[in-house]
Amino acid sequence: LTPGKSPHYEPLEPSSSMHKSIKDLGYTPQAYKETKFNLLRPEHSSLYAVFQLMLRWRGSIWQAILKRLIVYWGCFLFINLLYRFGLTEGQRTIFEKLSTTFTYYINSGTIPLAFVLGFYVQTIYNRWWGMWMALPWIEQVALLVYSSIQLPS
């Protein structure tokens, strides 16, 4: 380059290597492998297939809570059937009073739920803020790397 002149670029001439097909470069097409669940296909888009997919997927929330949900449903069903078919009228009255007492202590008890949730949210926020402040910022890392590089004199 000479000072004061703009560089002049020549257009590239097409070469023979630019016109190779994709097969000439070594690409071999693979046979289509159908996955077990392809929700775009009509025979796989049933509600049963969607639930099957949700239970097989590793990141699914259903895998994390399914056991507890089944236990909760089982307990609920047991208590419901016991109340409807296993208790006498007097026992049902005692059960209803016990249920009302529990409801009172849950809703307006000595420790309100909002108060407990406030402490929980504050703890989560403090943990998040501590992790955020512990992250190294790029300026600090760049200055550290720059100071450790020795340039030849």
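The values are calculated or read from the model by the stated rules, or taken from the named source; none is laboratory data. Quick caveat: nothing in here was measured; it's all calculated off a predicted structure. Backbone-built Cβ (ideal geometry, glycine too); neighbour counts: all protein chains shown. In case anyone asks, the SASA skips ligands and DNA or RNA and just uses the protein heavy atoms, side chains included. Shrake-Rupley method; radii C 1.70, N 1.55, O 1.52, S 1.80 Å.
Taking other residues whose beta carbon is less than 13 angstrom from the beta carbon of GLY74, and scoring Lys, Arg as +1 and Asp, Glu as -1, yields +2. Distance from the Cα centroid of the range 73-87 to that of the range 116-153 is 53 Å (rounded to whole angstrom). Surface exposure of the range 92-141, expressed per residue as accessible area with a 1.4 Å probe, stands at 95 Å².
Counting 0.36 nm for each residue step from PHE95 to PHE51 and taking away their Cα separation leaves a gain of 12.2 nm. With the simple model of a label 7 Å out from the Cα in the direction of the Cβ, LYS67 to TRP128 spans 2.9 nm.
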